[in-house]
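Undergrad: After the structure tokens below, expect a handful of questions from me.
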Amino acid sequence: MTHIPESAKVGKNVVIEEGVQIGERVTIGHNTVILKGTRIENEVSINSNCVLGIQPSGNKKMRNSFASNDQLILKKNTKIGNLVSIYAGTKIAENVFVGDHASIRENVMIGEGSVVGRAAIVELNSTIGKSCTIQTLAYVTGNTVIEDNVFLGPCVSMSNDKYMGAKDYELKGPIIKKGAKIGNNASLLPGVIIGAYSIVGAGAVVTKNVKNSEVVAGVPIKKIR
Amino acid sequence: MTHIPESAKVGKNVVIEEGVQIGERVTIGHNTVILKGTRIENEVSINSNCVLGIQPSGNKKMRNSFASNDQLILKKNTKIGNLVSIYAGTKIAENVFVGDHASIRENVMIGEGSVVGRAAIVELNSTIGKSCTIQTLAYVTGNTVIEDNVFLGPCVSMSNDKYMGAKDYELKGPIIKKGAKIGNNASLLPGVIIGAYSIVGAGAVVTKNVKNSEVVAGVPIKKIR
Amino acid sequence: MTHIPESAKVGKNVVIEEGVQIGERVTIGHNTVILKGTRIENEVSINSNCVLGIQPSGNKKMRNSFASNDQLILKKNTKIGNLVSIYAGTKIAENVFVGDHASIRENVMIGEGSVVGRAAIVELNSTIGKSCTIQTLAYVTGNTVIEDNVFLGPCVSMSNDKYMGAKDYELKGPIIKKGAKIGNNASLLPGVIIGAYSIVGAGAVVTKNVKNSEVVAGVPIKKIR
């Protein structure tokens, strides 16, 4: 049985499965589902109609589908919007904000104070540093590394599979170094390295690495500064 | 206590908080959440698993997060899809259609007869005119002005922050004049003015203003006609 | 009244309307809504907070809005994620996987073993073949034909209306032949034909047809191989 502290504020029609741990002064909105094994620390707030602690699934076309025995952990004072889905085996640090309709897969780490925007998606095995901004509808593919203080503009797109499913290939997401800024609707190709404090223009297609502090734009990218 | 007229048709597991106003012949689907202060006028229909009347929230990384005391108002005969989120302090006029999975933030105005497509997102402080079509997955950034009869194609992207969070800057969304048409997956930069009856091609990156009735395309945009 | 077999596993707060048919060993997550007329075959699993069997709706701005009397059919062993919406009049074959937050409209056919990714959208009257991968956030417009073994990368965008609502025009989505691969965030224009086993680069804007086995990229596309 799950123990719900008296200081928690729980909405109507909330489903909390067995083995969920709930801290003090937690808020849970209406119609939200918390699946077994989820750990919710003090002062976390979760809004309505979310599904948290999802176990990975898939069909025969899909790689990387495995059962995760790990917990979803939401650290102190993190805020989760409405209609959000988050998987088991993921750790979200203190003071993170996850916008409505966002989705975060299994085995993801999100650093302290970062923002995962509205309808943004973070795929499995990716790491996001501290104080990052992942804007609305941005897409972080699987096996991506995002260091601290990175800004991903709205609708940024990534991929991690050079052969688009045609060959066996180790999936490689982009590596985005600290302080880099990516403009809205830019496309990042598998495994590109975006240097520290670099700037990628809106709508750019990043086909090769970007050096530290470079400014690039265009399709494919060219150096501007 | 909320008064629910006998003419209303309310689904199962619906949560209606106190102080919600509900007109005649309103339909509300199953598992939908209507938060306090929402005003729903006659003949409005809302489908299942929505969350309406959300209060703004955020963390320290985020600007523009403030408490709104205003109501969400849905005017007569407006239709809301499934799994939709809409914030408090927003006014949606008569005969609007909001598609499934769409999200509309606080302090937004949407004019009569407009369509906000499936999974489209409208950020805070933006205005959309009458008879506009905001297609599927289009992204309307904060502080955007869209006049009447505008067509935003699917997956159109915008931004409103020239410095991507690096400096203090007054956020400026695009200004899209009446009758303009923006092709799918075009990217609009902060503060650009798109002239009346102009046409922007699919995949274009709009880095500067577009004159009335001009036709532009490319990355960055060039004049075609 | 709907008969729920003893072998079915049904979560809490699930709403199952009348006339729903449920096979053996079906799993339905918490807070999911199954609307009337839906047929769920053996071993299908559906996760939490979904809405399935939705009737089409719209306002005066929208074409193609009609009442559908057909069923939503989910064939054997298909898996549906969380927070998914699917319409009536659509048939999803055996062993399909539909990711969280995906939305599939009315009168769609999805072939055996295909994947519809997280937050991907498939509009009305479209057909997807067998063993296709429709990646995360990809957008399949209405009246699109996708043959077998096609790969649509993340955030691929399409449109089907050359005049963007300005004229009466028969809506034509792209036709994507078998084995074609489309890179992430590419934009496809109305009615383009993408040849069999062709490859379209990430961020490309496809303004004209692509021949069988061609490799194209750029804005607008040029032939690379």
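Undergrad: Please report, for A:GLU170, the nm distances (one decimal) from its label point, 7 Å out from Cα along the beta-carbon direction, to the equivalent points in the remaining copies, shortest first.
TA: 5.2, 5.2
Undergrad: Run through the other copies and list how far each one's label point is from that of B:ASN209, in nm with one decimal, shortest first; the point sits 7 Å from Cα along Cα-Cβ.
TA: Its label point is 4.3, 4.3 nm from the equivalent points in the other copies.
Undergrad: Let me ask something additional. What lysines does C:LYS12 reach when the alpha-carbon gap must be under 21 Å and sequence neighbours fewer than 8 apart in one chain are set aside?
TA: A:LYS9, A:LYS12, A:LYS36, B:LYS12, C:LYS36, C:LYS79
Undergrad: Given 20 °C and 1.002 mPa s, compute D for the protein assembly as shown with the Stokes-Einstein relation, Rh being the Kirkwood radius over Cα pairs; round to the nearest whole µm²/s.
TA: For the chosen part, D equals 88 µm²/s.
Undergrad: Could you give each residue of segment C:92-109 its phi-based ³J(HN,Hα) in whole Hz, using Karplus coefficients 6.51, -1.76, 1.60 with θ = phi - 60°, and x for Gly or Pro?
TA: Whole-Hz 3J(HN,Hα) from phi for segment C:92-109: 10, 6, 5, 6, 7, 10, 10, x, 4, 6, 6, 9, 10, 7, 6, 6, 10, 10.
Undergrad: Another question, then. For B:ILE193, enumerate residues with amide H under 5 Å from its amide H, sequence gap 5+ or separate chain, H modeled in the peptide plane.
TA: It is B:ILE175, B:ASN209, B:VAL210, by chain and number.
Undergrad: Which value, in debye to the nearest 20, gives the size of the charge dipole of segment A:147-225 about its Cα centre, when Lys and Arg are +1 and Asp and Glu are -1 at the Cβ?
TA: Roughly 340 debye, rounded to the nearest 20.
Undergrad: Could you pull out every one of the aspartates and glutamates with an alpha carbon less than 18 Å from that of B:LYS222, ignoring same-chain neighbours closer than 8 positions?
TA: Partners within reach: B:GLU214.
Undergrad: Ok, one more. In the calculated pair distance distribution of segment C:157-225, what percentage of Cα-Cα distances lie above 13 Å?
TA: 59 percent
Undergrad: Let me ask you something else. Can you give the translational diffusion coefficient of segment B:1-137 in µm²/s, computed by Stokes-Einstein from the Kirkwood radius over Cα pairs at 25 °C and 0.890 mPa s?
TA: 168 µm²/s
Undergrad: Something else: Taking θ as phi - 60°, what are the ³J(HN,Hα) couplings along segment C:201-210 by the Karplus curve (6.51, -1.76, 1.60), each to the nearest whole Hz, with x for Gly and Pro?
TA: Whole-Hz 3J(HN,Hα) from phi for segment C:201-210: x, 4, x, 5, 10, 8, 9, 8, 5, 10.
Undergrad: Still on this structure, I have one more. Once amide H atoms are placed 1.01 Å from N in the peptide plane, what residues at a sequence separation of 5 or more from C:LYS36, or on another chain, have their amide H within under 5 Å of its amide H?
TA: C:GLU17
Undergrad: Relative contact order for chain B: what percent, with Cα pairs under 8 Å and sequence separation of 6 or more?
TA: 9 percent
Undergrad: Oh, and also: Which distances in nm, rounded to one decimal and ordered from shortest, link the label point of C:ILE4 to the equivalent label points in the other identical copies, with labels set 7 Å from Cα toward Cβ?
TA: Spacings between copies for this position, smallest first, are 2.1, 2.1 nm.
Undergrad: Using mean Cβ contacts within 10 Å as the protection proxy, how do A:30-42, A:189-201 order, highest first?
TA: In descending order of packing, they fall as A:30-42, A:189-201.
Undergrad: Something else about it: With just the Cα atoms defining each centre, how far is segment A:157-225 from segment B:26-47? Give it in Å.
TA: Distance between centres, Cα-based: 43 Å.
Undergrad: Grab the beta carbon distance between A:ILE4 and A:MET62, set R0 = 45 Å, and tell me the FRET efficiency rounded to 0.05.
TA: The formula returns an efficiency of 0.80 here.
Undergrad: To the nearest whole number, what is the average tally of beta carbon atoms from other chains within 10 Å of the beta carbons of peptide B:186-193?
TA: Whole-number average of other-chain Cβ neighbours for B:186-193 is 3.
Undergrad: Given the options A:ASN31, C:ASN149, A:ASN125, identify the residue whose Cα lies farthest towards the positive end of the charge dipole of the protein assembly as shown (+1 on Cβ of Lys, Arg; -1 on Cβ of Asp, Glu).
TA: C:ASN149
Undergrad: Averaged across C:84-97, how many Cβ atoms of other chains sit within 10 Å of each residue's Cβ atom?
TA: Mean inter-chain Cβ contacts per residue within 10 Å come to 2.
Undergrad: Using DSSP to call loops (not H, G, I, E or B), can you name the trypsin sites (Lys or Arg not before Pro) in segment A:107-183 whose Cβ has at most 16 other Cβ atoms within 10 angstrom?
TA: Sites meeting the loop and neighbour criteria: A:LYS162, A:LYS167.
Undergrad: Pick out, in residue order, every one of the GluC sites (Glu not before Pro) in segment C:115-216 that is DSSP loop and has at most 15 other C-beta atoms within 10 Å; say none if there are none.
TA: Here the GluC sites (Glu not before Pro) that fit, given the DSSP loop and packing criteria, are C:GLU170.
Undergrad: Between rounded, prolate and oblate, where does segment B:67-148 land on the alpha carbon gyration tensor, with a ≥ b ≥ c its root eigenvalues, rounded for a/c under 1.5, else prolate if a/b exceeds b/c?
TA: Taking the square roots of the gyration eigenvalues as a ≥ b ≥ c, segment B:67-148 is rounded.
Undergrad: Give me the mean projected area, in nm² to one decimal, of the convex hull enclosing the Cα positions of segment C:80-225.
TA: It is 7.7 nm².
Undergrad: Straight-line reach from A:LYS211: which aspartates and glutamates have Cα under 16 Å away, leaving out those fewer than 8 places along the same chain?
TA: A:LYS211 reaches A:GLU147.
Coordinate-derived values only; no laboratory data. Not measured: the values here are computed from a predicted model. Note that each Cβ is placed from the backbone with ideal geometry, even for glycine, and that neighbours are counted across all protein chains shown.
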